[in-house]
Each structure stands twice: as structure tokens, then as C-alpha cells.
Amino acid sequence: HCLPVAIDRGTWVAARARDDDQVQVLAVDVDNACDDFSTAAPIARLAIPHWANYVRGVFAALIGQGHHRLRGAELVIAGDVPRGAGLSSSASLEVAVGEALRRLFALDATPRQLALAGQQAEHDYAGCQCGLMDQMASALGQANHALLLNCTTLSALPVPLPVDWAIVVIDTRISR
């Protein structure tokens, strides 16, 4: 069991569908870096740029889950979750991309499935053997609530935080 808390930071994805199988990604917060790949062939993991693997991994994971409606898209990504500060910027990115694709292509993916796709992206594309807490918190977190999460059963219950509580987040500058 764990009890992650939603914070007032996030990742935003603007997306539009294409008529072909090409994916073009613009990462505004990474000096407007770009990546492109095809959904018609196996999606390759990249040595660089590393950030692109999170996006590629989510596409691959959703296709692997059977969401074959995925096709080409143009994505523009921006966010304000500090990278490398232990605040789950990668999970936020993965879930935001998954949610954008869910809406864009009318996928029947649940928040849990998006979280699992994010975790699979971490494992298979980013090279991080992480648990599922960060992705579940990003997919199911609510303002002014903690999330009582059972990582074995994936049951999740939002727990209201007392209004007189303050939670302080401190960046220790120590990475995992």
C-alpha cells in the first residue's frame, strides 16, 4: 500500500490525428526537440534523445494492449513537473500522452491501462524497472486528495486531505 498525493504541476499534450501512420512529436520544454516514427512497424527504442522513449513506449504499449486504432499523430508536449526531482515527470508525461491518444482515437483504455502502459514504457523503452505508483498517481490523482493505492490489486481510493494540512515538497537534488 502507498499514499501518493497529487501536486499542482502537470504535463500537457496538444494532439491531432494524421491520415497516415507517421508520428511527429515536438517537446517544447526540451529546446523544441523533435522525434518522428511510424506506427506501422515495430517502434524502436532510441539511445538519444532519451525523452522520446517515453512517448514511443506509450504508443508501443497501447498497441500491445490491443488498441489498434492508433495511427499517425502530431503531438506537442509541454509541462512544469521538474525533471529529475523525484516528482514523477516521466509518469506525468506517459499518462498525458496516453490520455491524449485515448481521446484523439476514442480508445477504450481505462486510467489503470494508461498507467500500465506508462510503466511498460519505463521498463521497455526508458530502461527503468519502476513500480506503478507514479503512473497510477498521475492517472488517478485528484486535487486536495491522496490516493490510497494497493499496488498488488491496483485498487485505488481517493482520500480527502484535511483542509488545514499543508504538504511541503522539497527538491533535495538527489536522483534515484
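The values are calculated or read from the model by the stated rules, or taken from the named source; none is laboratory data. These numbers were taken from a predicted model, which means no experiment stands behind them. Positions of Cβ are backbone-derived with ideal geometry, glycine not excepted, and every protein chain shown enters the neighbour counts. Protein only, heavy atoms only, side chains kept; ligands, DNA and RNA dropped before computing areas. Shrake-Rupley method; radii C 1.70, N 1.55, O 1.52, S 1.80 Å.
Between D124, D19, D35, the GNM of the chain built on Cα springs shorter than 10 angstrom shows D19 fluctuating the most. Calculated from the structure, Rg and Dmax of the Cα atoms in Å equals which of (i) 15.1, 51; (ii) 16.0, 53; (iii) 19.7, 57? Only one listed value fits the structure, namely (ii). In the elastic network of the chain, a GNM with C-alpha springs shorter than 10 Å, the most mobile of T11, T39, T110 is T110.
Taking the protein heavy atoms of segment 66-165 in the context of the full set of protein chains, the accessible area attributed to carbon and sulfur is 53 percent at 1.4 Å.
The helix-based estimate of mean residue ellipticity at 222 nm for the chain, built from -39,500 (n - 2.57) per DSSP H run of four or more residues and divided by its residue count, is -8500 deg cm²/dmol to the nearest 500. Taken one residue at a time, the phi angles of segment 124-132 give Karplus couplings (6.51, -1.76, 1.60, θ = phi - 60°) of 8, 10, 8, x, 10, 8, 8, x, 10 Hz. Gly and Pro are set to x. Note that segment 166-173 has calculated 3J(HN,Hα) couplings of 10, 10, 9, 10, 10, 8, 7, 6 Hz, one per residue in order, obtained from phi through the Karplus relation 6.51 cos²θ - 1.76 cosθ + 1.60 (θ = phi - 60°); glycine and proline are x. Accessible surface area normalised per residue over the chain is 55 Å², counting heavy atoms of protein chains with a 1.4 Å rolling probe. For the chain, modelled as a GNM whose springs connect Cα atoms under 10 angstrom apart, the maximal fluctuation among L161, L107, L149 occurs at L161.
Residues whose amide H comes within less than 5 Å of that of C128, counting only those at least five positions distant or on another chain, are H123 (H built at 1.01 Å from N in the peptide plane). Comparing A14, L26, S138 along the charge dipole axis of the chain, the residue lying farthest to the positive side is S138, per the Cβ-charge model.
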